[in-house]
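Input: a single structure, listed below in structure tokens.
Every number here is computed from the coordinates shown, using simple stated rules; none is lab data. Nothing here was measured: the structure is a model prediction, and the numbers come from that model. We place every Cβ from the backbone using ideal geometry, glycine too, and count neighbours over all the protein chains shown.
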Amino acid sequence: MKTKTMRWFIAMLVALSMIAAACGGNDDDDTGEPAAPATEAPAAPEEPEPEAPEPEPEAEEAAPEEPEPEESEPEEEPEFEPAPTAEPEPEIPLTATWRGVTAETITIGVTYLDIDQLVELGFSPATWGDQEKVIQALVDDINNRGGINGRQVEVIMDKYNPIGATEAEAACLRVTEDNEVFAVLFGFLGPAEVANTCIVDQQETILVGGTITADRLALARAPWVNERAPRERTTSALFTLLDEEGMLQGRSIAIVADLPSAPQLDEVGRLLRDHGVEPALEVATSSNVADLIAQNQEWAALSERIRAAGADTILLVGNASAGIENAAINGLDVDIWATDASGLGSNIGSNVDPESARGVIAVSAMTGAQTYESDPRMQECQDAFAAAHPDIEVKHPDTLEEGEPLWFTALSGHCRFFQIFEYLATEAGPNLTHETFAAAIENAGQFSIASQPYASFGPGKYSSNDSFQLVAQEPDLGARGQLVPISPMRDATP
């Protein structure tokens, strides 16, 4: 009994184990091989367990990322600011820099013609009014405008007789030696002009005025300038303008120089030849300008020589009065040209018949009428004089009656000297010496003064005028005649 029961129990365990195997597959804990069932489909093969993934290589430690820049708000453009103004250079304290120059003042001398004597001798038709009033008014005008680089101008005035050099040399010593001025304005003209070397040579004083020649300039030991072009330049301009107007061609010209101008005779002849004209005659007179009788006698013989030479034109070098009058007296049927216009216009000698001078041709800067009517630099001087002397009328030069004072002649002449001096002394700067004044001349360049719209100084150029036009004497204007333009103004700046 017990044996049969044991066998049944074992059979039941085997059957249960086979059912479990069929339903659950091979179990890890089952160590026996499974029995293959005879009648059922084979079990699906086991899916291999996935291989463990290879370990990923450790990533290299990445470099720390740079922080992204924070977005900044756009900067506002600064408002426009002008470039900083340069600091002004410190002012140079004014001190005494030269003889006649103190910290407060510049002392100048002004010589002026004794016109009353010239009227008595017949060399001027009328006085020039009170020249000292003219001079002082121009000085006061400079001072009222602040002076020259902060210094006030003081003036010493001295009158001279131009007939001969004796009085002029005495005036030179009084102004330069007794008063020790920094500069002299006007200087000496006519026969007295030889005394200009007293100023620039013996007294070593600046001169603005006078007549400059190469020989006199070579003696100068102080700066020297004037407002008049040298005769060589004026004569060259005369011939150039005559040539441009077609007036030189076919001319037979006799050149006659007065005694003071005799040294320039050869140069004038050369300039005429440079324009293709051979002079018919070249001669200098030997009589003194003040000796009218001797002049008339000499011209009587000279007139015959001019006729014999076949001249149809006389070119007068120097003062034109004697030549104009004697050509008429001796019946010379010729045209008359003059290298110097200063003795024409209203300044024609009182011994000359105004009609004798009709049509005399010269070269000049602006005429008196042009200067009076339309020159802004002259207007400055007229305004200054009118402010100082409202009771004195400076008349238009073409409206004067015979014998009336030539206020305009005096004012325009002195105006040019003062404008030149003020310009150069200002350019010289606060340290006013001969050296700085000379440097101002060398570097002056172009400017303008009364009656000279074109003017300049520069290396080797010591005369201001660069303004040239042909002019002719018109006796029907003014008391004794005026010059009128007959060609355009030419700028002859080098």
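The table below lists the values:
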{"item": "Difference of contour (0.36 nm per residue) and Cα-Cα distance, THR166 to SER252", "result": "26.9 nm"}
{"item": "Shape metrics for the stretch 305-420, restricted to C-alpha atoms - Rg then Dmax, Å", "result": "17.1, 58"}
{"item": "Positive-end extreme of charge dipole, the stretch 89-244 - chosen from THR205, VAL134, LEU217 (charges on Cβ)", "result": "LEU217"}
{"item": "Rounded if a/c under 1.5, otherwise prolate or oblate - the stretch 315-360, Cα gyration tensor axes", "result": "oblate"}
{"item": "Local net charge near ALA257, Cβ-Cβ under 11 Å (Lys/Arg +1, Asp/Glu -1)", "result": "-4"}
{"item": "Debye, to nearest 20: dipole size of the stretch 201-317, +1 on Lys, Arg Cβ, -1 on Asp, Glu Cβ", "result": "40"}
{"item": "Among ALA428, THR409, GLN446 - extreme Cα towards positive end, dipole of the stretch 389-446, charges at beta-carbon", "result": "ALA428"}
{"item": "Spatial separation of Cα centroids for the stretch 105-157 and the stretch 446-494, in angstrom", "result": "22"}
{"item": "Cα pair count fraction exceeding 16 Å, expressed as % - the stretch 165-216", "result": "27"}
{"item": "Kirkwood hydrodynamic radius (C-alpha pairs) into Stokes-Einstein, the stretch 206-339, 4 °C and 1.567 mPa s, D in µm²/s", "result": "82"}
{"item": "Per-q log10 I(q)/I(0), the stretch 131-173, q = 0.27 Å⁻¹ (Debye; single scatterer per alpha-carbon; no solvent)", "result": "-0.87"}
{"item": "Under the Debye formula (equal points on every Cα, no solvent term), log10 I(q)/I(0) of the stretch 415-494 at q = 0.15, 0.21, 0.24 Å⁻¹", "result": "-0.63, -0.93, -1.09"}
{"item": "Cα gyration tensor category, rounded, prolate or oblate, for the stretch 118-245 with a/c compared to 1.5", "result": "rounded"}
{"item": "Binned Cα-Cα distance frequencies in the stretch 361-488 - 5 Å width, integer %", "result": "2, 10, 17, 19, 17, 14, 10, 6, 3, 1, 0"}
{"item": "Positive dipole terminus of the stretch 301-396, leading residue within GLY323, ALA362, ALA341 (C-beta point charges)", "result": "GLY323"}
{"item": "12 Å beta-carbon shell around HIS434, net charge (K/R +1, D/E -1)", "result": "0"}
{"item": "Only Lys, Arg (+1) and Asp, Glu (-1) charged, at Cβ; the stretch 145-236 dipole about Cα centre in debye", "result": "400"}
{"item": "Distance (nanometres) between label positions extended 7 Å along Cα→Cβ at ASP333 and ARG99", "result": "6.1"}
{"item": "Net +/- balance of residues flanking ARG99 in space, Cβ distance below 10 Å, scoring K and R +1, D and E -1", "result": "-2"}
